[in-house]
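A.B. asks: Structure incoming, see below.
Nothing in this text is a laboratory measurement; each read-out follows from the coordinates by a stated rule. What you see is a predicted model, and the numbers here were worked out from it, not measured in a lab. All Cβ positions, glycine included, derive from the backbone under ideal geometry; neighbour counts span all protein chains shown.
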Amino acid sequence: MKAVRKQRLMMLLLVTCGVGIAVGLALIALQQNINLYFSPAQMEAGETPVGKRIRAGGLVVVGSVKRDPESLLVRFDITDGEGVVPVQYDGILPDLFREGQGIVALGQLDSSGVFLATEILAKHSPDYMPPEVQDALDKADPDMSKNSEDAAP
Amino acid sequence: MNWTFFHRMASPKWFYDFSGRLLPWVGMLALGCVVIGLTWGLLFTPPDYLQGNSYRIIFLHVPAASLALTIYSGLAVTAAIGFIWKIKLADMAVSCLAPIGASFCALALITGAIWGKPTWGTWWVWDARLTSVLILQFLYFGLIALREAFDSRETAARACAILAMVGLVNLPIIKFSVEWWNTLHQGATIRVAGESSMAMEMLIPLLTSIAGFYLFTLFVFLLRIRAEILNREQNTAWVRGLLGANF
């Protein structure tokens, strides 16, 4: 390789690596700000501010959903396998909301540890299959139903 | 290693003749794969167990998103080669690829928003995946704008090459954003290593559609670069001879 070409190659590599390292360091420094939501484990450990608008994400605990018969009020627990946080929400839930499914809630934590949500978004797993396949899976192993493992935070 | 093939390929005249012979085949294959993939995916595959029919936009969203990334990496590598070896054809390729990549990136963002509304419950959320793809969109716009900002073609080529290489940093961030951070966007469905988490009767039409859109991109790229070659080489004897025969 001619010297002038080598010089241009070095310059390009140097600029790219330099910017790469700078961006990498910035991303590591901003780690917590880039995460879309806090996990229940973080919330139980007290890492989240009380009374500030934050997002919480986790799987809806199977059997925990309680709906108020008079209004849209709904209560349920979310978990990431390590912590459990109760969520309260008054509004229309997304179509994909169901037990065992991942959700991301926007709202604030009150002093008693209940998350008061103002918006609920549904997260779905990267699994796609026809309904019959899911039915067959449910029948074969009811505990593994809903394929929620990949949606876990 | 025999370099003559590369030297020949870098000649605009040779590339113009070669791509002319390739063009109809690529076009027919692309049309075939896109029609089969999309018809199969949109009309004949079973609905998803959770999302029902709304998941079908995946047959458009995934090829577009995949191409937005692939075109950018191809563009950056080509720009670097052109920058180091001063190859005119490489810069022509970069200038042709940027608008195609920008279009697919926009398509990925738009189809993603349309998909997000019924499934997630929102058009847009500032999570790491969506934000990093938006940055990719602006990188594409930046490359197009930067080229227009210079009067000299050589200066524009050099500036675009550096921007393209620097922007390469964004690609691994997009790819691994769903693993490094908590995001609303789900992880990868199609895995090169290991088993894809999609039923076969959905995966095969999706792969067909992806292949079709890749071929379509190659087709559009060849069309564009042939026009670009004629435009930039219009004062050479071979282009004059070629056009003279048609006038």
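A.B. asks: Read phi for every residue in the range A:30-45 and hand back ³J(HN,Hα) as whole Hz from Karplus 6.51 cos²θ - 1.76 cosθ + 1.60, θ = phi - 60°, with x for Gly and Pro.
C.D. replies: Karplus-based 3J(HN,Hα) across the range A:30-45 equals 9, 2, 5, 7, 7, 4, 6, 8, 8, 8, x, 4, 4, 5, 5, 6 Hz.
A.B. asks: If we count every other residue with Cβ under 15 angstrom of residue B:115's Cβ, Lys/Arg +1 and Asp/Glu -1, where does the sum land?
C.D. replies: Every neighbour counted, the sum reads +1.
A.B. asks: May I pose another question? For A:138, A:90, B:91, A:77, which order do you get if you count the other beta carbons within 10 Å of each Cβ and list the fewest first?
C.D. replies: Fewest to most other Cβ atoms nearby, the residues stand as A:90, A:138, A:77, B:91.
A.B. asks: Sorting B:70, B:208 on the 10 Å Cβ count, fewest up front, what's the list?
C.D. replies: Ranked by crowding around the Cβ, least crowded first: B:70, B:208.
A.B. asks: Let me test this: with uniform point scatterers at the alpha carbons of the protein assembly as shown, what is the Debye-based log₁₀ I(q)/I(0) at q = 0.06 1/Å?
C.D. replies: Ignoring solvent entirely, the Cα scatterers give -0.32.
A.B. asks: Ok, one more. Kindly state, to the nearest 0.05, the FRET efficiency for residue B:21 paired with residue B:66, given R0 = 30 Å and r defined as their beta-carbon distance.
C.D. replies: 0.65
A.B. asks: Once you have the Cα-Cα distance between residue A:64 and residue A:98, take 0.36 nm times their residue separation minus that, and quote the gain in nm to one decimal.
C.D. replies: 11.2 nm
A.B. asks: With each pseudo-label sitting 7 Å past Cα toward Cβ, what's the residue B:193-residue A:33 distance in nm, one decimal?
C.D. replies: 3.4 nm
A.B. asks: Whole-Å semi-axes of the range A:36-151's equivalent ellipsoid, largest first, each the root of 5 times a Cα gyration tensor eigenvalue?
C.D. replies: Working through the eigenvalues yields semi-axes of 26, 16, 12 Å.
A.B. asks: Of the DSSP beta bridges with both residues in the protein assembly as shown, give the percent that are antiparallel, rounding to the nearest 5.
C.D. replies: 85 percent
A.B. asks: Which residues among the range B:74-89 fall inside the zone where the amide N is under 20 Å from a point 7 Å beyond the Cα of residue B:238, along Cα→Cβ?
C.D. replies: Only B:82, B:85-89 pass the distance filter.
A.B. asks: What's the extension gain from residue A:5 to residue A:138 if we count 0.36 nm per residue and subtract their Cα-Cα distance?
C.D. replies: Length gained, residue A:5 through residue A:138: 41.7 nm.
A.B. asks: To continue, here is another question. Using the Karplus curve 6.51 cos²θ - 1.76 cosθ + 1.60 with θ = phi - 60°, work out ³J(HN,Hα) for each residue of the range B:57-72 in order, rounded to whole Hz, and write x for Gly and Pro.
C.D. replies: 5, 4, 5, 10, 5, 5, x, 5, 5, 4, 5, 4, 6, 5, 4, 5
A.B. asks: Just the Kirkwood number for the range B:128-178, please: inverse of mean 1/r across all distinct Cα pairs, in Å, one decimal.
C.D. replies: Result for the range B:128-178, one decimal place: 11.6 Å.
A.B. asks: Only loop residues by DSSP count here, and only those with at most 11 other Cβ atoms within 10 Å; note down the trypsin sites (Lys or Arg not before Pro) in the range A:2-67 that meet that.
C.D. replies: A:2, A:52, A:53
A.B. asks: If I model a spin label at residue B:4 and residue B:175 as a point 7 Å from the Cα along the Cα→Cβ vector, what separation in nanometres do I get?
C.D. replies: 3.6 nm
A.B. asks: Across the Cα atoms of chain B, what radius of gyration and what greatest pairwise Cα-Cα distance (Dmax) are found, in Å?
C.D. replies: 20.1, 62
A.B. asks: Pick from A:121, A:73, A:109 the residue whose mean-square fluctuation is largest in a GNM of chain A, springs joining Cα atoms under 10 Å.
C.D. replies: A:73
A.B. asks: Springs between alpha-carbon atoms under 10 Å, Gaussian network over chain B: tell me which of B:102, B:113, B:65 tops the mean-square fluctuations.
C.D. replies: With Cα springs under 10 Å in chain B, the top fluctuation among B:102, B:113, B:65 is at B:113.
A.B. asks: Pairs to check: A:66/B:175; A:6/B:88; A:66/A:123; A:2/B:175; A:66/A:139. Give those whose C-alpha atoms are more than 27 Å from each other in this structure.
C.D. replies: Pairs exceeding 27 Å: A:66/B:175; A:2/B:175.
A.B. asks: Moving to a separate point now. Quick one: Cα centre-to-centre distance for the range B:129-168 and the range B:29-100, in angstrom?
C.D. replies: Here the two parts' Cα centres lie 19 Å apart.
A.B. asks: Gaussian network model of chain B, Cα springs within a sub-10 Å range: biggest mean-square fluctuation belongs to which of B:30, B:98, B:193?
C.D. replies: Answer for the Gaussian network model of chain B: B:193.
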